[in-house]
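Worksheet: one structure, shown below.
The values are calculated or read from the model by the stated rules, or taken from the named source; none is laboratory data. From a predicted model like this one, the values you see are computed outputs, not experimental measurements. FYI the Cβ positions are ideal-geometry reconstructions off the backbone, even for glycines, and counts take in every protein chain you see. SASA here: full protein model, heavy atoms, side chains in, ligands and nucleic acids out. Shrake-Rupley method; radii C 1.70, N 1.55, O 1.52, S 1.80 Å.
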Amino acid sequence: MASSSAFSSPLPSAADRNTHADLIGRLAAIVGADAVLEDLEHRRFYSLDFSEEPGEIALAVVKPSTAEQVADIVLAANMAGVAVNTRGGAMSYTRGHVPVRPDTLIVDATGLNRIIEINTQDRYVTLETGVTWAALRAGLRGTGFRTPYIGTLSGNHATVGGGLSQNATGMGRVTLAEHVLGLEVVLGDGRIMRTGSWATRGTPPIYRYNGPDLTGMFLCDSGAFGIKTKVHLLLEPTPKVSFGCVAFGNRIDLVRGQAALAQTGLQTEAFAFDGHFVSEYAKHPPPDKQEKRRMVGEFLADHPNKLRAWRNLLRAWHPKGLGFLDGLTNIMYYSAEAHDQAAADRMERQIERLMQAHGGKRVPTTIPFGLRYGPFLNVGEIMANREGEVNFPINAKFAASRAVPAMEAFEAFLLENRAVLQRHGIRVACNSLLHGHFWGIEPVIFWKRPLGPYRMHYATEDRRARSAGIAEDAERTAAAIDFRHRLTRMFREMGSFHVQWAKAYPYADALAGQTAWDMLTQVKAITDPNHTLNPGVLGLGLQRGRSI
């Protein structure tokens, strides 16, 4: 395992120092001295993700702004014998860019931030992978088109490239990978390749399956096979949407409703959360008047039938704001989309009837309205909660037919571990959601510990203040991490899969002994012959004698 103590990278030898000094000089020549960070504070911060599970500290951080610079950086790293880990918005929690080797460069991809082409006639958008979801949404505003996958809740910081590497799920239709038409990728030996129809001379990027699908190899790979620098995403005319929101008395009935809904295909989104998150939403202040006016204006612009639009708006309004949520134990919001509003409304009513048949009770649609027209959360409020607790999510995906057994197993696991959770003051909440035809569960573990450099950087002032004075309790933290690992193992033994494998989930173990694993190791040898890129993700590219 990578060290779980404080950062303790070994001191480099004199020869290594000379090699690294030469490398820093080459990097400065490629991107400029200001785009190379060597100080310990930056290196420590960039070597962490949301998990704040420490690995090694990178030897430097480099910030390219073009694919050609990325290729030159990779070549320089190859010459120096160091690894290259790619960091996007760093909103993931599976240690994808966290170094397992001290001789690692962190490539900060957020400088690759241009939207290059919006082609509504041929229905694609071309962008660099450091573009955030919020920037993409802003760039498409007013075009009448959108990407079918809208983004993650952390989209003010999370990048499209990070979502490609971990096949982001969240808002919109299914997962991100389904809507990719082609990529530009820098390989581990510095070569730049294209995929999809864009790879054919003179052909625009309008189709992914241009012969064998090379695009998919670089999706959900956590950066193991290449550094994605550009992507072409499918555009669709912005559909009409109708929202619903229902409350359930318990999680099992709710999940039964989700499993039944998965068979219909009526929903675009169906996201549920339990009493802890309901209570958090109930305390959330409403948006200011200007933001509220913007959201309502955008909603009305999407709905030419004003009578129908105002009727739907009234469903989202409540005199208590979000206070009506207080006391509810489980709620699920959903959206239904169609080419016209009447069709979307009919689909929404069908979903509501199905949910009512499983015990759901209709509540105001304030949450889905807010998430569609103001979709990106303030991540600073997620770094610690109102009690100063940190949190760590787990995701596991299942066939919809296994959704109820998985939730029942989760609740049984909570009961089995109730004593240890109570002893250490650890709390566990749970989300569940549909991704088209399959289902996901997302338990979230809360416990008190000091904010590390990563969380402190993003946390709002009030969350920093609430966490002040909290001391590290090594036994409590160890119990929380052990609970997470054991719960993940239980889900894996039930047949779960993950879209964020990286270093947190046992991808290599899951494929061990399979022909697919043998082929992936050979693919790694072709795309990254020196095992330069993101060593350790998916269990690939580790040096002999190293493990994670």
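Seen from all sides and averaged, what is the projected area of the convex hull of the Cα atoms in region 406-548, in nm²? Don't skip to the answer; put the middle values down first.
Working: hull surface 48.3 nm².
That works out to 12.1 nm², a quarter of the Cα hull's surface.
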Notebook entry, point to check: Spin-label point model (7 Å from Cα, Cβ direction): what's the Asp326 to Asn305 distance in nm?
Noted result: 3.7 nm
Check: What is the set of long-range amide H partners of Gly172 at a cut-off below 5 Å, with H atoms built 1.01 Å from backbone N?
Finding: Ile150
Next item on the list: Report the charge-dipole magnitude of the chain in Debye, nearest 20, computed about the Cα centre from +1 at each Lys and Arg Cβ and -1 at each Asp and Glu Cβ.
Entry: 1320 debye
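Quick check: at a probe of 1.4 Å, how many percent of the accessible area of the chain sits on carbon and sulfur atoms? Don't skip to the end; give the middle numbers.
Details: 12190 of 22720 Å².
C and S atoms contribute 54 percent here.
Expressed in nm², what is the orientationally averaged projection area of the convex hull enclosing the Cα positions of region 361-457? Before the final figure, lay out the partial values.
Numbers: hull surface 34.2 nm².
Average of the hull's projected areas for region 361-457 equals 8.6 nm².
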Notebook entry, point to check: Near the amide H of Gly182, under 5 Å away, which other amide H atoms are found, from residues 5 or more places off or on another chain, if H is placed in the peptide plane?
Noted result: His232
Notebook entry, point to check: How much length is gained if the chain between Ala478 and Gln514 is pulled fully straight, taking 0.36 nm per residue apart and subtracting their Cα-Cα distance, in nm to one decimal?
Noted result: 9.7 nm
Check: How are the Cα pair distances of the chain distributed, in percent, across 10 Å bins from 0?
Finding: 4, 17, 28, 28, 17, 6, 1, 0
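Let's see if you can work this out: charge +1 on each Lys and Arg Cβ, -1 on each Asp and Glu Cβ, no other charges. What is the dipole magnitude of region 97-196 about its Cα centre, in debye to the nearest 20? Present the calculation step by step, with values, prior to reporting the outcome.
On the way: 9 positive and 8 negative charges, 65 e Å.
That gives region 97-196 a dipole magnitude of about 320 debye.
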Item checked: Long-range HN-HN contacts of Asp274 with modeled amide H, under 5 Å -> Cys430
